[in-house]
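Nothing in this text is a laboratory measurement; each read-out follows from the coordinates by a stated rule. Everything quoted here is computed from the prediction, not taken from an experiment. Please note: Cβ atoms are built from the backbone with ideal geometry, for glycine as well, and neighbour counts cover all protein chains shown.
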Amino acid sequence: MASRAFAVKRLPGFATIAMVCFFLLYAPIIALVVYSFNAGSSIALWEGFSWRWYEAAWQNEKVQEATIRSLVIAVCASGFATTLATMAALGTTRTKPYRGLTAIYAAINQPLMVPEIVTGVALLIFFAIIKQATGYHGLSYLIAAHTAFCIPFAYLPIRARLEGMDLTLETAAADLYATPWMTFRKVTLPLLWPGILAGAMLAFVISLDDVVITELVKSAGQDTLPTYMLGQLRRVLTPEMNAISTVLLGISILIVTIFFFLTRKRA
């Protein structure tokens, strides 16, 4: 009698453990969303359905300022990170293997391997030296910091897209005397576009949700939406934070869903 192939689903207790894990993962999120519609001020006592806290968050000037600042940083950082990641992906996939390629790949993905607090402290020290030398305390430091740690998140889907692309069309363009720039613009870029969009959206979400590095690098009066929420949670906890968190959750789910459809393999 032939033995059946191993399947983790047939292990004793697999279904129970999976259900418990899913419950522990999603129950707090569901509670957060539900209580964002609470009419009362308590985060634990349900007092009826209301849009009160969404309206309060919408009319809160500090929330508006922090949201605009977060969007500006996320758009700029994702744009810069995606541009640099695209060039890095081309440089590591569209060339012959050379000595040091593995080291370059590891350096690009370094922010994924190093604890975020370490990256944040390193950027804090580096930018503090620049601030003391120049006297400049603008938003550019946050944009640069977010760009640095967003590069690997944009690089991975772009590289994956490049590795899955057939070189036939690019080779044909070169045989027809197209310059490298023309080949990239007319052939590679249109085929690579879904990967670039996916990388940009992933970098945008990572930048929008970041707390640790932003908290260490930002100057006075440069709160982003996540750091503003962190500051409020230290003072008073109201369902307004639930409402803001729910909106951020919805934006993240929407972008990740689009990312999934852009990167999944087509039949």
- Could you work out the Rg to Rh ratio of segment 91-170, with Rh taken as the Kirkwood radius (inverse of the mean 1/r over all Cα pairs)? 1.11
- Between TYR98 and LYS9, the FRET efficiency computed from the C-beta separation at R0 = 41 Å comes out, to the nearest 0.05, as 0.40
- Give me the Kirkwood hydrodynamic radius of segment 1-88, using the inverse of the mean 1/r over all pairs of distinct Cα atoms, in Å to one decimal. 18.2 Å
- Debye intensity ratio in log₁₀ form over the Cα atoms of the chain, taken at each q of 0.09, 0.12, 0.17 Å⁻¹: -0.59, -0.93, -1.30
- Task: Determine ³J(HN,Hα), in whole Hz, for all residues of segment 60-67 in sequence, where each value follows from phi through the Karplus function 6.51 cos²θ - 1.76 cosθ + 1.60 and θ = phi - 60°; x replaces Gly and Pro.
- Result: 6, 5, 5, 5, 4, 5, 5, 5
- Message: For segment 149-210, place one equal point scatterer on every Cα, skip the solvent, and apply the Debye formula. What is log10 of I(q)/I(0) at q = 0.11, 0.13 Å⁻¹?
- Response: -0.31, -0.41
- Query: With each pseudo-label sitting 7 Å past Cα toward Cβ, what's the VAL114-GLU65 distance in nm, one decimal?
  - Reply: 3.2 nm
- Item | Per-residue ³J(HN,Hα) for segment 217-229, Karplus 6.51 cos²θ - 1.76 cosθ + 1.60, θ = phi - 60°, Hz, x for Gly and Pro | 8, 5, 9, 4, x, 10, 5, 8, 4, x, 6, 4, 4
- Query: Where nothing but the Cβ of Lys and Arg (+1) and of Asp and Glu (-1) is charged, how large is the charge dipole of the chain around its Cα centre, in debye to the nearest 20?
  - Reply: 840 debye
- Packing-based ranking, highest mean first, of 229-240, 88-99, 150-161 given that Cβ atoms within 10 Å are counted: 150-161, 229-240, 88-99
- Item | Hull volume in cubic angstrom per residue (convex hull over the Cα atoms of segment 160-267) | 135 Å³
- Message: Suppose the Debye formula is applied to equal point scatterers at every Cα of segment 11-50; what is log10 I(q)/I(0) at q = 0.23, 0.29 Å⁻¹?
- Response: -0.70, -0.88
- Efficiency by 1/(1 + (r/R0)^6): what FRET value for TYR105 and PHE260, r their Cβ-Cβ distance, R0 = 30 Å, to the nearest 0.05? 0.75
- Note on the structure: CD proxy, 222 nm, the chain: helix-only mean residue ellipticity via -39,500 (n - 2.57) per DSSP H run with n ≥ 4, per residue, nearest 500, stands at -23500 deg cm²/dmol
- Message: Can you compute 3J(HN,Hα) from phi for each residue in segment 137-154, using the Karplus curve 6.51 cos²θ - 1.76 cosθ + 1.60 with θ = phi - 60°, rounded to whole Hz and x for Gly and Pro?
- Response: 10, x, 6, 4, 5, 5, 5, 5, 5, 5, 4, 4, 8, 8, 4, x, 5, 7
- Message: Sort MET241, MET201, MET87 by Cβ crowding within 10 Å, fewest neighbours at the top.
- Response: MET87, MET241, MET201
- Task: Pull up the cross-link candidates among the lysines for LYS186, meaning alpha carbon to alpha carbon under 20 Å and not fewer than 8 places away within one chain.
- Result: none
- Task: Can you tell me the order of 110-116, 219-225 when each peptide is scored by its average per-residue count of other Cβ atoms within 10 angstrom, highest first?
- Result: 219-225, 110-116
